[in-house]
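Contents: one structure, followed by commentary.
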Amino acid sequence: MRIVWVSPHCWPDYVLREDGLGKKSQGGQTIVMYFATIALADAYPDLEIDIYARFEDGEDIITNIHSRVRIIRLPLGPSDRYFPKEEFWGPPIQGFVDNAIKYAEENSLKYDLVHGHYADGWYVAHHLAEQWKIPFLCATHSLGIRKRDNALRVNEGTPEALDKKYNFSVRIQHEQAALDRADCITPLTIEEGEYIVDQYGADPSKIQVINNGVVVDDFYPPDPDKVSELREELNLGPDVLPILLIARVDPRKGQRELIEAAPAVIQRIRESSGKNVIILFVAWVDSDYAKTLEKRVEELGIRENVIYHPPVLNSEIPKFFWASAVYSLSSTYDIFPIVMLETMASGLPIVATKNGGPSEVITPGENGYLVETTNKEELADALVKVLSDEKERERLGKNAHNEIIKKYTWDRIAERCMEVYKMVLGDM
């Protein structure tokens, strides 16, 4: 079987690059497209996967990430600079489709199905499938209607300003066309599947949930030496309790929500135990939004309690979990974040907002806690509860780790993918 995974903006090999994640819109989806394809190839020796992505100057046209998985970079828009995915629509992305068709013809490539990821990948998958007369699938990662409505709910901007920034109207139009035509839709969660049926009018029989996964061995057991080194590097003494948040600096990723909850958490923990709480932001970069957040930290008088750490190699991320006391997944929009699985795999307790995926993975009081989105009082209460009790942290972390082993390893996700592929192809 030969298949295509496609999302022009996503470069899976950035997982391996210094500061790769967090740059050029590379994040959780990048991790999925790297590890899931490799897990599929490892599990199924007769499977070959080509990942079609956008070419940019300085990149190789073909990059092998496995003996049977390769990234093929094709022109889409200007190649001499970063080209935001919001600007893909119209001639640029249609040109990418044409280039993919041409590449396949010139290299005598025949595919059995195409799996589109994110809205740009759906567009390409839709048109390639029509040309090649093969089935195509849509994997979500994000939904235009939901992202737009969430941005409006948290006052990120006016409808006009948001549409100008994110090109929502065009994106949603193309999402709708792809979902109407898709042979199968693979949301990350049950709730997301229900949302697609409700908001896009999708056929419920097309919905087949495929979760994200994690490489458990990368995150457990902890390495005591790396923990000591990092805590010393960050000047985290024995009485310091770090609250960790790793994400690109973005209004949807929860940095503002954690900042607003932080003063209450810091004060309550200091009064009850004498210990000091530190907010540890990882993947911090200089941007207008980052400056806005930094200003708010100063206004709240908590600058000495906040560490802004730049992006790190993917391989360096585990030590930040190990050195922390709790993870704050305070996102306003994050359907099934990889970082949730990484946190739980590492044995770090987690406090998460109710955003679909966390509600389906986390059992409150058993392997973490759930709070309402943007409710800073509820977020503060949950963080204080975890930080106040070391035995509670150990219990939550152990249960979280066991949950990941049971359900969310990449080999289990690969099995689920192949089950869906065979169903679509009529082999089951």
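Some observations on this one:
- Set of lysines near K407 by C-alpha distance (under 20 Å), chain-local residues within fewer than 8 positions excluded: K354, K398
- For the chain, calculated [θ]222 nm from helices alone, where every DSSP H run of n ≥ 4 adds -39500 (n - 2.57): -14500 deg cm²/dmol
- Bridge orientation summary for the chain: considering DSSP beta bridges with both residues in this region, about 10 percent are antiparallel.
- Of all the options N367, N314, N212, the one that moves most in a Gaussian network model of the chain with Cα springs shorter than 10 angstrom is N314.
- Here the stretch 216-407 is treated as a sphere whose radius is the Kirkwood value from Cα pairs; by Stokes-Einstein at 20 °C and 1.002 mPa s it diffuses with a coefficient of 131 µm²/s.
- Compared with the rule-of-thumb size 2.2 N^0.38 Å for a compact globular protein, the chain has a Cα radius of gyration ratio of 0.98.
- Whole-Hz couplings from phi, Karplus 6.51/-1.76/1.60, listed for the stretch 188-196; x for Gly and Pro: 7, 9, 4, 4, 5, x, 5, 5, 5
- Contact order relative to length of the stretch 261-315, as percent, for alpha carbon pairs under 8 angstrom and 6 or more apart: 41
- Here the stretch 55-189 is treated as a Stokes sphere of Kirkwood radius computed over C-alpha pairs; at 25 °C and 0.890 mPa s its diffusion coefficient rounds to 151 µm²/s.
- Taking every C-alpha pair closer than 8 Å and separated by at least 6 residues, the mean separation divided by the residue count of the stretch 216-407 gives a relative contact order of 25 percent.
- Less than 5 angstrom separates the built amide H of I51 from those of W5, R70, I71, I72, all sequence-distant by 5 or more or on a different chain.
- Relative contact order, percent, the chain [alpha-carbon distance under 8 Å, six or more residues apart]: 16
- Each principal axis of the Cα atoms in the stretch 14-67 has its own extent, and those three values, largest first, are 33, 22, 16 angstrom.
- 3J(HN,Hα) couplings calculated from phi for the stretch 96-110 with the Karplus curve 6.51 cos²θ - 1.76 cosθ + 1.60 (θ = phi - 60°) are, in sequence order, 4, 4, 4, 5, 5, 4, 5, 4, 5, 5, 5, 10, 6, 9, 10 Hz; Gly and Pro show x.
Bear in mind that the values in this text are calculations on the coordinates, not laboratory data. Computed from a prediction, not measured in an experiment: that's the story for all the values here.
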